[in-house]
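Only one structure is covered here, and it is reproduced in the block below.
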Amino acid sequence: MKYAVWGLVLLLVILHQDNWLWDDATLVGGFMPITLLFHGGLSIAAAFTWFLATKFAWPADVAEPASQGGGEA
Amino acid sequence: MTQLIIISCYLALLLGLGLFSSRLFRGTSKDYMLASHSIGPFLLLMSIFGTTMTAFALVGSTGESFKEGVGVYALLASSSGIIHSLCFFVLGIKLWSLGHKYGYTTQIQFFRDRLQSDRIGLLLFPILVGLVIPYLLIGVMASGSVINGVTQGTFETSFGFDAAVTKGGVPKQLASLVICAVVLIYVFFGGMRGTAWANTFQTIVFMILGVVTFYMIAMKLGGKDTLMESLRAASSEIPREKLIRGAVGDHHGISKLKYFTYMLVPLSVGMFPHVFQHWLTAKNSNAFKLPIIAHPIFIMIVWLPCVLVGVWASSDLFYGQLPAPLKAALDGNPNIVLPLLVKQLAGPMLGGFLTAGILAAIMSSLDSQFLCIGTMFTEDIVKHYVGAEKIDDRRSIVIARAFIILIVAITYGLSLFEPRAVFTLGVWCFSGFSSLFPLILACLYWRKLTKAGAYAAVIAAIGSWSYLFWQSDFAANRGYTVIIPGTDYETMPVATMFLCSTIAMVVVSLMTKPPEEAHLKRFFA
């Protein structure tokens, strides 16, 4: 699963290039430029990918402190 | 006058919050510089996001999309959403863990320890400070310009400054001084805790005001009864060249390879010294989860409406209706498009609130940078060379505060000379930080990295940066690109710097003796 998450990060980088939309002037729903919609969607996909990363690729070697610093700021 | 009152109330509120947070100060240098590692997920998210987003997120994004089209979002925003979180995940968590374990406060302390080299600090210190200072200047100067711009016509006096320049508004110099004083007061008294609280408050302010401004402009520009109808009406007139990607960059399009290499620029976040300091404030590693996940969404919430407003403004619905002098002013400086839209469509009340939002975005970056440079001078220079054992905790705070006052004074003094060239330095500063990214990544993940390899990386990064900066006529050539020899392929200068630094680091590290295993065990599980 860890490798699948890193595969998704790579996919985000590839999708970011979006060569297929460079000359597309479509307005989705009559108001949203398709490039903007795609990249807005990519931001949401990035958030989801990083959510998966925190679930399945979280570093195992991180040493947590013994004391928690005396409570939240 | 309405706008001035709103701005004054906002600044007073901010000061109150900063002074309130100072009451939570525990009196130790660790608390002053790192909030005693007590920052939870929400404050960490808001403070890091506020720090990485400058006034450019509101004003520059609208101006750039007005000039270049919707592709600006892809170039600057969606890439940052992917890469910034990557930096938090890959670097932030590990650096926080090591910082907590070995008691680091600054990046340079980490590099000195990991590379077993005292002098790497001397090499890196002027580079890191030198790359941050133009950003401080941009913030200070921009705040003066914003306040002067929205208050023009308010006063009959020019407060002793040139009346032709102040145009009846608060003089830029005076406005910048007030902003510096406000930031200084809450950073001085509150340290990192005050900065984190103030950043959180300011981030909420500029995000909410950005969305409200978008709604108001959409309704006014579209002129229909419902939001959806107004959105459709506003978008229907966007010129085709602003809807396609060929229009992005330098007025004549950007090549696909140059666009791809632009993605290296947001890696700069991994080497920002002020972001490093924010990472170390985290209460535990789990506090990173929310910032890692939510950062791309937050970027979208701020940037997407601004980009849409920018392209609406380029249509006949707005630009086409403007008198010739205003068109000329906009063509000369697209960054005035958002204030102009608000002034023309929404009135002084929203104008005042939007100005508060812009100032919030500026100050939420300035505070962290001031605190960070003050901390670096205290920890990396004074305590390191005088001896930490000779400076007790209380004196550390006094020294840090003295340096913060000094940095604010120097930055303000430099801003009075109005070095307009700093505004073109933005992408060059980011590129400089990005070119050092391979070094910090290797420090954490490559056991064969050597001290000599690290020096080679830094020298190659700054050497290639200096050469390309000179080739670009010291940033005067805004569309400067590096063309791959023997081809027509254009790349961003950052790609060359990144490559030089990586190759130098790898080759020299492989040619020199790796560190002792016992030393490496401290950094690699």
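Over the residues of the stretch B:188-319, compute the C-alpha Rg and express it relative to 2.2 N^0.38 Å.
Normalised Cα radius of gyration, the stretch B:188-319: 1.37.
Given a cut-off of 18 Å, what percent of all Cα-Cα pairs of the stretch B:60-199 lie beyond it?
Cα-Cα pairs of the stretch B:60-199 separated by over 18 Å account for 76 percent.
Taking R0 as 51 Å, what's the FRET efficiency between A:Trp6 and B:Leu406 from their Cβ-Cβ distance, rounded to 0.05?
It comes out at approximately 0.70.
Sort out for me the Cα centre separation of the stretch B:394-453 from the stretch B:146-180, rounded to whole Å.
The stretch B:394-453 and the stretch B:146-180 have Cα centres separated by 31 Å.
Can you compute log10 of I(q)/I(0) for the protein assembly as shown with the Debye formula, treating each Cα as one identical point scatterer, at q = 0.05, 0.08, 0.11 Å⁻¹?
Summing over Cα pairs of the protein assembly as shown leads to -0.21, -0.54, -1.07.
Consider all pairwise Cα distances in the stretch B:310-362 and report the whole-number % of them above 18 Å.
Tail fraction, whole percent: 33.
Return an integer: the convex hull volume of the alpha-carbon atoms of the stretch B:178-244, in Å³ per residue. Before the final figure, lay out the partial values.
On the way: hull volume 9.7 nm³, N = 67.
Value for the stretch B:178-244: 145 Å³ per residue.
Using the alpha-carbon atoms, what tilt in degrees (0 to 90, nearest 10) does helix B:93-102 show relative to the longest principal axis of chain B?
Compared with the principal axis, the helix lies near 50 degrees.
Rank the residues B:Thr157, A:Thr26, B:Thr213 as a footprinting-exposure proxy: fewest other Cβ atoms within 10 Å of their Cβ go first.
B:Thr157, A:Thr26, B:Thr213
What translational diffusion coefficient, to the nearest whole µm²/s, does chain B have by Stokes-Einstein, given a Kirkwood radius computed over alpha-carbon pairs, a temperature of 25 °C and 0.890 mPa s viscosity? Working shown, then result.
Values: Rh = 23.9 Å.
Value of D from the Cα-based Kirkwood radius: 103 µm²/s.
Report the local net charge at B:Arg232: Lys and Arg +1, Asp and Glu -1, summed over other residues whose C-beta lies under 15 Å from its C-beta.
Neighbourhood net charge equals -1.
Measure nothing but the geometry: give the 0 to 90° angle between the long axis through the Cα atoms of B:227-236 and the longest principal axis through the Cα atoms of chain B, rounded to 10°.
With both axes taken from Cα atoms, the answer is about 90 degrees.
Based on the alpha-carbon gyration tensor of the stretch B:385-452 and its eigenvalue square roots a ≥ b ≥ c, which shape applies: rounded if a/c is under 1.5, prolate if not and a/b is larger than b/c, or oblate? Numbers along the way, then the final one.
Numbers: a/c = 3.76, a/b = 1.07, b/c = 3.52.
Verdict is oblate for the stretch B:385-452.
At 0.36 nm per residue, minus the direct Cα-Cα distance, what do B:Ile208 and B:Asp488 gain on full extension? Give it in nm, one decimal, please. Don't skip to the answer; put the middle values down first.
On the way: separation 280, 0.36 × 280 = 100.80 nm, distance 4.46 nm.
Taking 0.36 nm per residue and subtracting the Cα distance, the gain is 96.3 nm.
Through the Karplus equation 6.51 cos²θ - 1.76 cosθ + 1.60, θ set to phi - 60°, convert the phi angles of the stretch B:47-62 into ³J(HN,Hα) values in whole Hz; use x for Gly and Pro.
6, 5, 5, x, 5, 7, 9, 9, 4, 4, 4, 9, 7, x, 5, 5
Under 13 Å Cα-Cα from B:Lys258, which aspartates and glutamates qualify once same-chain neighbours fewer than 8 residues away are excluded?
Straight-line reach from B:Lys258, under 13 Å: B:Asp250, B:Asp488, B:Glu490.
I'd like the distance between the alpha-carbon centres of the stretch B:220-245 and the stretch B:103-145, rounded to an integer number of Å.
Taking the Cα centre of each part, the stretch B:220-245 and the stretch B:103-145 sit 44 Å apart.
One quarter of the convex hull surface, Cα atoms only: what value does that give for the stretch B:443-513 in nm²?
On the way: hull surface 22.7 nm².
Average of the hull's projected areas for the stretch B:443-513 equals 5.7 nm².
Would you list which aspartates and glutamates come within 17 Å of B:Lys448, measuring only between C-alpha atoms, while excluding same-chain residues fewer than 8 positions from it?
B:Asp113, B:Glu516, B:Glu517
Give A:Lys2/A:Lys55; B:Lys67/B:Lys220; A:Lys2/B:Lys283 a once-over and call out the pairs whose C-alpha atoms are over 19 Å from each other.
Correct reply: B:Lys67/B:Lys220; A:Lys2/B:Lys283.
Based only on Cα atoms, what mean projected area does the convex hull of chain A have, in nm²?
Details: hull surface 32.7 nm².
Seen from a random direction, the Cα hull of chain A projects 8.2 nm² on average.
Between B:Ala164 and B:Phe20, what is the FRET efficiency for a Förster distance of 35 Å, r being their Cβ-Cβ separation, to the nearest 0.05? Please list the in-between numbers first.
Working: r = 42 Å, r/R0 = 1.19.
Here the calculated transfer efficiency is 0.25.
Return one number: the angle in degrees, 0 to 90 and rounded to the nearest 10, between the long axis of the Cα atoms of helix B:119-151 and the longest principal axis of the Cα atoms of chain B.
The helix B:119-151 is inclined about 20 degrees to chain B.
Taking just the alpha carbons, could you work out the radius of gyration and Dmax for the stretch B:124-257, both in angstroms?
According to the Cα coordinates of the stretch B:124-257, Rg and Dmax are 20.9, 58 Å.
In whole angstrom, note down how far apart the Cα centers of the stretch B:20-34 and the stretch B:286-341 are.
The two parts, judged by their Cα centres, are 37 Å apart.
From the phi of every residue in the stretch B:385-397, what ³J(HN,Hα) in whole Hz does the Karplus formula 6.51 cos²θ - 1.76 cosθ + 1.60 yield, where θ is phi - 60° and glycine or proline is x?
Running phi through 6.51 cos²θ - 1.76 cosθ + 1.60 with θ = phi - 60° gives 8, 7, x, 4, 6, 8, 10, 6, 4, 5, 5, 4, 5 Hz.
Sorted from largest to smallest, which semi-axis lengths in Å does the alpha carbon gyration tensor of the stretch B:480-522 give for its equivalent ellipsoid, taking the root of 5 times each eigenvalue? Spell out each step's value before the answer.
Numbers: eigenvalues 241, 24, 6 Å².
Equivalent ellipsoid semi-axes, largest first: 35, 11, 6 Å.
Need one number: nm distance between label points at B:Thr512 and B:Ile459, each 7 Å from Cα along Cα→Cβ, rounded to one decimal.
Label-label distance for B:Thr512 and B:Ile459, simple model: 0.9 nm.
Please work out the Kirkwood hydrodynamic radius for the stretch B:344-426, using every pair of different C-alpha atoms, and report it in angstroms with one decimal place. Kindly include the intermediate steps, with their values, before the conclusion.
Numbers: mean 1/r = 0.0645 Å⁻¹.
About 15.5 Å for the stretch B:344-426.
Please provide three numbers in whole Å: the alpha-carbon extents of the stretch B:405-525 along the principal axes, with the largest listed first.
Projected onto its principal axes, the Cα set of the stretch B:405-525 covers 52, 51, 20 Å.
Show me, for the stretch B:18-33, the HN-Hα J-couplings you get by feeding each phi into the Karplus relation (A = 6.51, B = -1.76, C = 1.60, θ = phi - 60°), rounded to Hz, glycine and proline as x.
Each residue of the stretch B:18-33 in turn: x, 6, 5, 5, 5, 5, 8, 5, 8, x, 10, 5, 5, 6, 5, 8 Hz.
For the protein assembly as shown, what is the calculated [θ] at 222 nm in deg cm²/dmol (nearest 500), taking -39500 (n - 2.57) for each run of four or more DSSP H residues and dividing by its residue count? All intermediate terms of the calculation are to be shown ahead of the outcome.
Details: 25 runs with 387 residues, N = 598.
The helix-only estimate for the protein assembly as shown comes to -21500 deg cm²/dmol at 222 nm.
Over the stretch B:144-207, with a single point scatterer placed on each C-alpha, what log10 of the ratio I(q)/I(0) does the Debye formula yield at q = 0.12, 0.29 1/Å?
Treating every Cα as an identical point scatterer, log10 I(q)/I(0) equals -0.41, -1.09.
Starting from the Kirkwood radius over alpha-carbon pairs of the stretch B:1-95, derive D by Stokes-Einstein at 20 °C in a medium of 1.002 mPa s and give it in µm² s⁻¹.
This corresponds to a translational diffusion coefficient of 128 µm²/s.
Read-outs: derived from the displayed coordinates by stated rules, not from any lab. Remember, predicted model here, so these are calculated numbers, not experimental data. We place every Cβ from the backbone using ideal geometry, glycine too, and count neighbours over all the protein chains shown.
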